[in-house]
Every structure is written in C-alpha cells, then in structure tokens.
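The values are calculated or read from the model by the stated rules, or taken from the named source; none is laboratory data. Everything numeric here is computed off the predicted structure, so don't read it as measured data. Here Cβ is always computed from backbone atoms with ideal geometry, including for glycine, and neighbour counts include all displayed protein chains. Quick note on the areas: whole protein, heavy atoms, side chains included, nothing else; ligands and nucleic acids left out. Shrake-Rupley method; radii C 1.70, N 1.55, O 1.52, S 1.80 Å.
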Amino acid sequence: RVLTKRAMIINKVCVVGLGYIGLPTAAVLASRGLEVVGVDVSARTVDTINRGEVHIVEPDLDMVVRGAVHAGRLRASSEPESADVFILAVPTPLTEANTPDLSYVEAAARSLAPVLAKDSLVILESTSPVGTTEMVARLLAEERPELSFPQQAGSNADVKVAHCPERVLPGRVLHEIVENDRIIGGLSDACSEAAESLYKTFVRGDCLLTSARTAELSKLTENSYRDLNIAFANELSVICDTLKVNVWELIKLSNRHPRVDILTPGPGVGGHCIAVDPWFVVSSAPDQARLIRLARETNDGKPQYVLDRIVHAADEFKRPVIACLGLAFKADIDDLRESPALSITKELALRGVGEVLAVEPNIAELPEELSSLGVTLTDESDALDRANTVVILVDHKQFRQLPRDSFTSKVVIDTRGVLA
C-alpha cells in the first residue's frame with residue numbers, strides 16, 4: 001500500500017495494454033506488492049499471462065511475470081476493472097499520411113471511464129503528440145460528467161490525469177524501467193504529485209515533474225534527436241557508396257575526434273519510437289519542423305536504397321537465392337514493429353527477385369505477410385549453404401559470431417557493418 005503526499009491510497013493498479021511496455025510495467029508494479037490487473041483486447045494474450053507465461057521476448061520478463069501471477073498479485077482481463085490508478089500503455093501508430101492515430105488511446109480511455117471513481121488517477125504512458133493527455137481528460141469528462149477533472153477543477157479535481165512517457169530500450173526494459181529517470185507531467189500540480197508517488201514505488205532514477213505538454217514533447221524530442229543523428233549516418237553511407245569509400249572505416253576514423261560521435265548506419269530506422277515519434281512533431285508544427293521532417297524522409301528512404309542494391313546484386317545470378325539475415329528492427333530482440341529489415345524482405349518477395357530465405361533467430365514463425373509470399377524461415381547455416389546473395393539487415397549476435405569464410409563466394413550486402 002502506498003500513501004501519497006495528498007493522502008491518496010494506492011492498493012490496485014489497472015494497466016490497459018499488455019505489450020512491450022504495459023506488461024513489464026504491470027509485472028514490476030506487482031513485484032512491489034501492489035495488486036495489478038492488466039487489460040488487453042487479445043484473448044490469447046490474456047490467457048497466456050494468466051498461465052504465468054509471456055507472449056513477447058524480453059530478458060527475465062518471464063520470471064517476473066510468473067512470480068507475480070503465482071503470488072496472486074498479477075492477473076489479466078479483457079475489460080478494465082475498478083482501481084486506484086489506471087495506466088494507458090496502448091499503441092499510437094501512424095496513419096498512411098504520417099499523422100498520429102490516436103484511436104487506441106481514445107478507445108482505452110472510453111473503456112476505463114465506467115470504472116473511474118473519485119480520487120482515481122489516470123496516467124497516459126503511450127508516446128503521444130502534444131495535447132493528447134488533455135484529450136484523454138476531455139474524453140473522460142464527457143463519459144463521466146458527474147466527476148470533475150483537472151481542466152475543470154485544477155488540483156481539486158475528483159480525477160487526476162498525468163502523462164509519463166516510457167523511456168526504455170528493448171532488450172533492457174526491466175533494467176531501464178527501474179533505473180531510468182522519469183518525466184512526469186500532470187494537468188495540475190496535484191496530478192503530477194500523485195503520479196510521482198506511484199513511480200517512486202519502483203523507479204530508482206529521478207522523477208522529474210513538469211507540465212503534461214512538456215512531458216509529451218520531451219519523449220518526441222529525445223527520439224527526434226536520435227533520428228537526426230541516424231539520418232546523418234545513413235546519408236553518409238550513401239555518399240560513401242557513390243565515392244567508393246568504406247563508410248565503416250570512415251566513421252571509425254572520424255570518431256577519433258574528441259567531439260565527434262557519428263552513429264552506425266543501417267537499412268533504415270524501425271521500432272515504434274524513432275521511426276514514428278518525429279512525425280508527431282511534424283504533424284503538430286509542420287511549418288517549423290523542417291529539419292526533423294528531412295531527417296525522417298532520409299531514414300524512410302534508406303530501405304528503398306538498400307532494396308535497389310540487392311536487386312542489382314541478384315541480377316548476377318540466373319537463379320538468385322537471397323538470404324536476408326535479420327527481420328527485427330534492431331539487434332537481439334524479436335520486435336518487428338516498423339522494421340526496415342522486414343519491409344525489405346517483403347518487397348523482395350513481392351517483386352519475385354528470386355527465392356527469399358529469412359533468418360531471424362528470435363522468432364519461431366514468420367509473420368503471415370512473409371509466409372504468404374513464399375518466404376522461408378531458416379537458420380543461418382542453412383541460409384548460407386543455399387544462398388548466392390546474402391544481405392545482413394540486423395547485427396544479431398548470432399550473425400556477428402559467424403566465421404568470415406562463411407561468406408566466401410557469396411555476394412554480400414552488409415548494411416550493419418558486421419563484416420567490417
């Protein structure tokens with residue numbers, strides 16, 4: 001049980017959305033002794049968690065979930081339940097027009113509205129464009145007009161609403177969810193303080209209080225900064241190809257300068273953060289976010305550049321057999337969201353360039369969008385035996401450990417510098 005500065009007692013937390021952020025958050029809260037119910041629209045996900053198992057790959061998450069479920073502190077449901085705190089951790093994808101799709105946030109907010117009560121706290125963790133927390137508060141007020149909200153009553157509102165963006169790295173979620181600083185933006189001072197009390201039950205880093213709008217923009221700013229730097233590296237790799245310069249050697253030498261730290265280029269940018277968040281800034285301030293837009297367009301264009309190189313290389317063979325090493329959006333995880341490696345592999349199959357072999361050691365089966373196109377999932381040994389064209393799309397540890405002579409007599413396109 002947790003007692004906040006304003007005497008808000010927290011016994012139970014309801015986490016809506018049990019994906020890469022929601023499930024670890026729910027598990028960690030439960031491990032701190034709180035009663036936690038996780039909510040997800042997928043019946044399969046609900047059943048999996050209630051068996052004490054996990055549906056995503058994240059180091060040690062299975063042990064934490066199993067322990068919390070068996071201790072009776074964590075369970076999953078298809079519907080929100082009454083609780084002291086509600087955490088929204090649902091997706092915020094992009095539309096085809098590169099504008100934010102807030103339908104999941106809206107649906108989640110409306111789903112929990114019936115079980116809100118006086119002194120409830122609602123925290124939006126989903127990465128969101130500026131103003132989304134205010135939108136959530138408005139939706140809740142529409143659904144529950146008998147309760148007061150911060151936009152109506154400030155710190156004296158019946159229901160408190162805040163935003164606390166997640167800031168974790170896939171593969172290190174359980175560590176970073178505890179160790180990283182958290183930026184907490186409430187719609188009033190009381191909202192910020194109430195949310196801070198919850199995060200202090202498990203966060204060892206600093207909890208930094210600000211406004212909801214600043215908290216929303218902080219996450220978008222962090223990922224836009226990284227996107228800009230990746231865009232420089234990706235553009236540099238294209239320039240090096242044109243000028244016949246080894247980009248990996250160039251970056252290594254340039255980074256010997258004490259104030260230069262060029263990132264590693266790749267086949268594009270993936271994941272639900274860096275590949276998405278900058279567009280939220282562009283959509284909110286299109287006339288001002290010119291550099292952010294250009295970086296995003298540069299990174300969005302890199303998969304097509306890589307694809308053109310693969311097609312050109314495969315033309316050397318009468319019967320091209322192309323091994324695509326990696327489908328995840330980054331090394332050593334199973335997350336395929338917004339993955340440039342996945343999109344490149346899919347486009348190769350769609351074009352009928354040749355036989356396409358996919359090697360992704362972190363998944364057990366291909367997504368339907370690849371298997372339906374005749375792509376075969378295999379291991380690296382089989383792929384290297386059969387392929388005449390090898391494309392390294394992700395620098396998984398299994399690929400970094402492959403002997404160099406495995407690639408002898410192959411046409412190799414190394415987008416991650418594994419063989420550099």
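Restricted to the range 291-338, and to residues that are surrounded by 21 or more Cβ atoms within 10 Å (Cβ to Cβ) and among the small types (Gly, Ala, Ser), which residue is farthest from SER409 (Cα to Cα)?
Filtering first and then ranking leaves ALA295.
Within the range 402-412, does at least one residue satisfy the condition of being within 26 Å of CYS273 (Cβ to Cβ) and either outside any loop (DSSP other than H, G, I, E, B) or hydrophobic (A, V, I, L, M, F, W, C) (or both)?
Within the range 402-412, none of the residues are within 26 Å of CYS273 (Cβ to Cβ) and either outside any loop (DSSP other than H, G, I, E, B) or hydrophobic (A, V, I, L, M, F, W, C) (or both).
Can you find a residue in the range 199-210 that is over 30 Å from ARG32 (Cβ atoms), outside any loop (DSSP other than H, G, I, E, B) and not small (Gly, Ala, Ser)?
Looking for residues that are over 30 Å from ARG32 (Cβ atoms), outside any loop (DSSP other than H, G, I, E, B) and not small (Gly, Ala, Ser), one finds none in the range 199-210, hence no.
Would you be able to tell me the number of residues in the range 229-244 that are open to solvent by 50 Å² or more (accessible area, probe 1.4 Å) and either in a helix (DSSP H, G or I) or in contact (Cβ under 8 Å) with a residue 24 or more places away in the chain (or both)? Steps first, answer last, please.
Applying the first criterion (open to solvent by 50 Å² or more (accessible area, probe 1.4 Å)) to the range 229-244 yields 229, 232, 235, 239, 241-244.
Now drop any that are not either in a helix (DSSP H, G or I) or in contact (Cβ under 8 Å) with a residue 24 or more places away in the chain (or both), which leaves 229, 232, 235, 239, 241-243.
So the answer is 7.
Could we say that GLY19 is out of contact with any strand residue (DSSP E or B) (no Cβ under 9 Å at 6 or more places or on another chain) and crowded, with 17+ Cβ neighbours inside 10 Å here?
yes
Does LEU139 satisfy the criteria of being open to solvent by less than 40 Å² (accessible area, probe 1.4 Å) and in a helix (DSSP H, G or I)?
Values: open to solvent by less than 40 Å² (accessible area, probe 1.4 Å): yes; in a helix (DSSP H, G or I): yes.
Yes, satisfied.
From the list ARG226, ARG256, which one is outside any helix (DSSP H, G or I) and among the basic types (Lys, Arg)? Spell out the reasoning first.
Details: ARG226 fails: outside any helix (DSSP H, G or I).
Of the residues listed, the single one that is outside any helix (DSSP H, G or I) and among the basic types (Lys, Arg) is ARG256.
Please state which one of LEU336, LEU377 is over 23 Å from the mean Cα position of the chain (by Cα) and touching a residue at least 12 places away in the same chain (Cβ under 8 Å).
LEU377
If you check every pair at least six apart or on different chains, which have Cβ atoms under 9 Å apart with a residue in the range 172-193 that is open to solvent by 10 Å² or more (accessible area, probe 1.4 Å) and at pLDDT 95 or above first and a residue that is assigned to a loop (DSSP other than H, G, I, E, B) and among the aromatic types (Phe, Trp, Tyr) second?
Qualifying pairs under 9 Å: VAL178/PHE202; LEU187/PHE149.
Results for (1) of a type in the set (D, E, K, R); (2) under 18 Å from the mean Cα position of the chain (by Cα); (3) farther than 19 Å from GLU216 by Cβ, shown as yes or no for each residue.
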{"residue": "ASP119", "(1), (2), (3)": "yes, no, yes"}
{"residue": "VAL130", "(1), (2), (3)": "no, no, no"}
{"residue": "GLU146", "(1), (2), (3)": "yes, no, yes"}
{"residue": "ASN156", "(1), (2), (3)": "no, no, yes"}
{"residue": "ALA195", "(1), (2), (3)": "no, no, no"}
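Among the residues of the range 209-228, which ones are within 22 Å of the chain's Cα centre (by Cα) and open to solvent by 50 Å² or more (accessible area, probe 1.4 Å)?
Hits for the range 209-228 are ARG213, THR214, LEU217, THR221, GLU222, TYR225, ARG226, LEU228.
Just to be sure before I move on: is PHE407 under 29 Å from ILE262 (Cα atoms) and either buried (at least 18 other Cβ atoms within 10 Å of the Cβ) or without any contact (Cβ under 8 Å) to a residue 12 or more places away in the chain (or both) in the structure I sent?
no
Among the listed residues LEU357, LEU350, identify the single one that is touching a helix residue (DSSP H, G or I) at 6+ places or on another chain (Cβ under 7 Å) and either over 25 Å from VAL173 (Cβ atoms) or in a strand (DSSP E or B) (or both).
That would be LEU357, the only listed residue that is touching a helix residue (DSSP H, G or I) at 6+ places or on another chain (Cβ under 7 Å) and either over 25 Å from VAL173 (Cβ atoms) or in a strand (DSSP E or B) (or both).
Residues in the range 81-124 that are buried (at least 22 other Cβ atoms within 10 Å of the Cβ), in contact (Cβ under 8 Å) with a residue 60 or more places away in the chain and not hydrophobic (A, V, I, L, M, F, W, C): how many?
1
Tell me, please, whether a residue that is in a helix (DSSP H, G or I), out of contact with any His (no Cβ under 9 Å at 6 or more places or on another chain) and surrounded by fewer than 23 Cβ atoms within 10 Å (Cβ to Cβ) can be found in the range 265-274.
Checking the range 265-274: not a single residue is in a helix (DSSP H, G or I), out of contact with any His (no Cβ under 9 Å at 6 or more places or on another chain) and surrounded by fewer than 23 Cβ atoms within 10 Å (Cβ to Cβ).
Look through the range 279-290, keep the residues that are in a loop (DSSP other than H, G, I, E, B) and aliphatic (A, V, I, L, M), and return whichever of them is most open to solvent (accessible area, probe 1.4 Å).
For the range 279-290, the residue satisfying everything is ALA285.
Looking at VAL391, VAL353, VAL418, VAL375, can you tell me which residue is crowded, with 17+ Cβ neighbours inside 10 Å, within 15 Å of ALA313 (Cα to Cα), at pLDDT 95 or above and among the hydrophobic types (A, V, I, L, M, F, W, C)?
VAL391
If I filter the range 34-80 down to residues being hydroxyl-bearing (Ser, Thr, Tyr) and part of a helix (DSSP H, G or I), which single residue comes out as surrounded by the fewest Cβ atoms within 10 Å (Cβ to Cβ)?
THR48
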